[in-house]
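What follows is one structure encoded as structure tokens, with my remarks underneath.
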Amino acid sequence: MNPSSPLKSQRFAPRSLARPLVAVSLAAALALSLAACSSAPERPAPTPLAPLVALQPATQVWNTAIGAVDPLLTPAVHGQTLLLANAAGAVLALDGANGQVRWRVELAQPLSAAAGFDGQTAAVVTQDNELLALNSAGVQWRARLPARVLTAPLVAGQRVFVLANDRSVHAFDARNGAPLWQHRGRTAEALVLQQSGVLLPVGDTLVVGLGGRMVGFDPLNGRIRWDAAIATPRGVNEIERLVDLVGRSGRVGDQLCVRAFQAAVGCVDAASGRLVWTQPADGAVGLSADAERVYGVERNGRVLAWRRDAGARAWSTDALLHRGLTAPLAAGRSIAVGDAQGFVHLLSRDDGTLLNRLSTDGSAIVAGPLLLGNTLVAVTRNGGVYAWRPQ
């Protein structure tokens, strides 16, 4: 591996404050917003599911159970390995072909952030703000962090990168945990979203979401290469001013498309830092993208597609309103999206038409469906892991 380009081998389809940062969950943000109204309306009932003819057949190939999963513990994929962590602190590597456990490490510590994984080393963060690096043999090293972490660490190029809730970024040597550099967050906002953020590699640049901005770092030394604004804080209170970038991201080549919480979606050329386009959008979960379009879900469950070249609206559908949808996934000729009732819905990439509906154990889908090769995988809140192969 070329030591001057620590992210090249990892490909993914990564000042002090005037007041302390306070983590606010999506549910808490919505509750506080509603509390401001003396006669807030009740939450709308989920849209009933109509009978459906499966136009995109999919066969379930395996399923397993790993124990209850915290919603923040999003799975990680590397090749044909699925890495998961449960609420009890167990980290498991599953074979994506058959669901068999390749290895399992019992940490017996509750985790605050999901695992990052490069195929050899996994990295997790405990609720005591401790970064742990592990592999099939167990924990290899530990490092103390200055703040809570909700975004899965990134393991790439023999380094471990961490985005903390105080909007600081940290780099460690993956072999021994030695600290390499850190970047202190620059923000005046008192609140930070209690949700997984943006942290991924694009070429030899480390891309991080800091507030409503996408920032490109040199992974060797933490120097900022570029800074692009997706959204600017506005509003009359701290909740309305939350515009943190949220995972997952939609990447095609060097173009990276992200969502700013309840504010906007936008795409950036991550090679140069040039902002390609932004559009207002009222969503709270991440995006997916393909060569033609960017796909997202609004707060009310409307599924949208934008043209990737310029951000013009391509289509929208209200078939899944108020069903608590996850971030979407572009997979094959479909868009896969999970809901809070345990279903995975397949929609046409062309126009949003419902193509199929896949059942799990009835508990909410965590984060969003994933793709391992040609296998579609979903993880539920109750710890069910389900895999299908669309035809």
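The values are calculated or read from the model by the stated rules, or taken from the named source; none is laboratory data. Not measured: the values here are computed from a predicted model. Neighbour counts are summed over all protein chains in view; Cβ atoms, including those assigned to glycine, are modelled from backbone coordinates with ideal geometry.
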Among (1) over 21 Å from the mean Cα position of the chain (by Cα); (2) assigned to a loop (DSSP other than H, G, I, E, B); (3) not aliphatic (A, V, I, L, M), the one test that Asp282 misses: (1)
Selection count where residues are among the β-branched types (Val, Ile, Thr) and in a loop (DSSP other than H, G, I, E, B), scope the range 115-135: 1
Residue match in the range 183-190 (condition: at pLDDT 95 or above, within 28 Å of Ala143 (Cβ to Cβ) and surrounded by fewer than 24 Cβ atoms within 10 Å (Cβ to Cβ)): yes
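Per-residue answers, yes or no, for (1) surrounded by 24 or more Cβ atoms within 10 Å (Cβ to Cβ); (2) closer than 27 Å to Leu193 by Cβ; (3) not hydroxyl-bearing (Ser, Thr, Tyr):
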site: Asn86; (1), (2), (3): no, yes, yes
site: Arg102; (1), (2), (3): no, no, yes
site: Glu106; (1), (2), (3): no, no, yes
site: Pro110; (1), (2), (3): no, yes, yes
site: Ala113; (1), (2), (3): yes, yes, yes
site: Gly116; (1), (2), (3): yes, yes, yes
site: Leu131; (1), (2), (3): no, yes, yes
site: Val149; (1), (2), (3): yes, yes, yes
Residue satisfying condition, being under 18 Å from Val207 (Cα atoms), at pLDDT below 95 and either in a strand (DSSP E or B) or under 21 Å from the mean Cα position of the chain (by Cα) (or both), within set Val258, Val276, Val243, Val268: Val243
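Let's see how each residue does on (1) of a type in the set (A, V, I, L, M, F, W, C); (2) modelled with pLDDT of 95 or more:
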site	(1), (2)
Gln80	no, no
Ala93	yes, yes
Arg102	no, yes
Thr121	no, yes
Leu150	yes, no
Val155	yes, yes
Val160	yes, yes
His170	no, yes
Pair list, Cβ under 9 Å, 6 or more apart: the range 42-71 residue exposed (fewer than 12 other Cβ atoms within 10 Å of the Cβ) and small (Gly, Ala, Ser), other residue part of a loop (DSSP other than H, G, I, E, B) and at pLDDT 90 or above: Ala45/His322; Ala50/Ala319
All strands (runs of 3 or more DSSP E) inside the range 287-391 with 1 or more residues being crowded, with 19+ Cβ neighbours inside 10 Å and polar (S, T, N, Q): 334-338, 354-359, 375-379
